[in-house]
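Report on one structure; see the data block that follows.
The values are calculated or read from the model by the stated rules, or taken from the named source; none is laboratory data. Treat the numbers as computed from the prediction; the structure is a model and nothing was measured. Methodologically, a virtual Cβ is constructed for each residue, glycine included, from the backbone with ideal geometry; neighbour enumeration extends over all protein chains shown. These area figures cover heavy atoms from the full protein model, side chains too; ligands, DNA and RNA do not enter into them. Shrake-Rupley method; radii C 1.70, N 1.55, O 1.52, S 1.80 Å.
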Amino acid sequence: MFQPLLEAILRQTMCRLVRPLLSNGVSLELQRKLIRQAYRTSLPPRSVRFTSDTLGQVPVLRGLPNTRSTGTIVYLHGGGYILGSAATHKGIAGHLAKLTGCEVIIPDYRLAPEHPYPAAPDDAEAVFQAVIREGKPAERIAIAGDSAGGGLALVLAMRLREHGQPLPSSITCFSPWTDLTSQQLYSPECEPVLHASWVFKAAKMYAGEGALTDPMISPAFGDLKGLPPTLIQVGSQEILLNDATRLADAAKTAEVDVTLEIYNSLWHVFQTHCAQLQRASDALVTAAKHIRRHLAE
């Protein structure tokens with residue numbers, strides 16, 4: 001009885017506090033400040049200790065759980081490529097670290113419009129390669145991300161494949177943003193977080209001079225063949241639902257080992273509420289099992 005009530009309260013909180021911030025009527029500078037404050041409620045477990053570092057000339061946060069395995073997760077934060085940071089996503093990344101026993105590394109990749117494409121994938125690839133240079137084999141590295149970070153995780157894997165580099169052991173995408181054209185957005189009865197107009201404006205700021213259909217900007221248009229096992233989690237109450245289902249279909253066509261999980265009546269990146277919401281916690285447990293299962297022994 002308590003969990004359905006909590007879901008309803010959190011949904012209303014997102015509708016009334018977060019969604020109004022993510023509109024074109026609010027300046028980007030103010031959005032960045034307010035989103036930083038909003039993420040203060042998404043706390044990492046106390047058993048995960050974060051430190052600042054630099055990898056591949058990119059600032060990162062490194063989270064180490066008390067119980068440590070030899071695996072590493074490179075976690076790419078969301079925010080439409082224009083918001084967010086390593087610090088805002090310590091909560092969700094920290095819980096993944098605790099559940100997997102892996103070190104988690106969150107790159108503070110450069111944001112648009114100050115640094116449009118290809119700054120974000122350049123930074124993500126630089127961090128991944130730096131982790132390998134530290135002596136961690138690719139088969140012991142997983143990549144994960146939410147929203148724009150979920151799309152970026154796919155782009156990173158595709159770039160590594162194109163550059164003839166070793167691929168990560170797995171990919172985990174929470175509500176991935178994979179088609180920046182906004183031409184096939186879903187229309188849920190309730191969308192507690194995102195405005196379609198804001199999403200499209202963010203896409204234009206990020207793409208800069210690039211085409212929104214470029215597979216390295218919108219991986220929904222890319223060749224996914226040869227990518228590692230991929231888990232996709234998405235809520236039914238979000239306009240990016242079609243991004244997730246189309247990605248899963250494309251991955252199956254490309255013979256990728258892919259799993260799609262749709263969580264009814266939940267919203268964009270609901271996993272950030274894992275400390276409060278049981279279904280969010282369960283989703284992260286599933287993600288952690290996916291990550292652990294594919295790490296090389």
How much accessible area per residue does the stretch 1-294 have, counting only protein heavy atoms and a probe of 1.4 Å, in square angstrom? 40 Å²
So for the stretch 248-297, using the alpha carbon gyration tensor with a ≥ b ≥ c as root eigenvalues (a/c under 1.5 gives rounded; past that, a/b versus b/c decides prolate or oblate), I'd call it oblate
Prolate/oblate/rounded call for the stretch 1-60, Cα gyration tensor, a/c under 1.5 rounded: oblate
Please identify, among 30, 61, 240, the residue showing maximal mean-square fluctuation in a Gaussian network model of the chain using a 10 angstrom Cα cutoff. 30
Name the residue from 251, 6, 145 whose Cα lies farthest towards the positive end of the charge dipole of the chain, charges +1 on Cβ of Lys and Arg and -1 on Cβ of Asp and Glu. 6
Unsatisfied cross-links (Cα-Cα over 27 Å) in the set 98/136; 252/289; 201/289; 136/225; 136/289; 90/289: 201/289
Taking +1 at the Cβ of each Lys and Arg and -1 at the Cβ of each Asp and Glu, which of 165, 198, 296 sits farthest along the dipole of the chain towards its positive end, judged by Cα position relative to the Cα centre? 296
Could you work out the relative contact order of the chain? I mean the mean sequence separation of Cα pairs under 8 Å and 6+ apart, divided by the number of residues, in percent. 18 percent
Using a 1.4 Å probe on the protein heavy atoms, what percent of the accessible area of the stretch 168-268 belongs to carbon and sulfur? 48 percent
What whole-number distance in Å separates the alpha-carbon centres of the stretch 228-265 and the stretch 89-135? 22 Å
Residue (of 112, 17, 28) at the positive-pole extreme of the chain, dipole from beta-carbon charges: 17
Rounded to the nearest 5, the percent of DSSP beta bridges in the stretch 1-294 running antiparallel is 35 percent
When the helix-only estimate is applied to the chain (DSSP H runs of n ≥ 4, each -39,500 (n - 2.57), divided by the residue count), what is the mean residue ellipticity at 222 nm, nearest 500 deg cm²/dmol? -11500 deg cm²/dmol
Residue 239 long-range amide H proximity, modeled H, under 5 Å: 194
How much of the accessible area of the stretch 15-145, probe 1.4 Å, is carbon plus sulfur, in whole percent? 52 percent
For the stretch 1-294, what does the alpha-carbon gyration tensor say about shape, rounded, prolate or oblate, given a ≥ b ≥ c as the root eigenvalues, a/c under 1.5 as rounded, and a/b over b/c as prolate? rounded
Would you mind working out the magnitude of the charge dipole of the chain relative to its Cα centre, with +1 at each Lys and Arg C-beta and -1 at each Asp and Glu C-beta, to the nearest 20 Debye? 960 debye
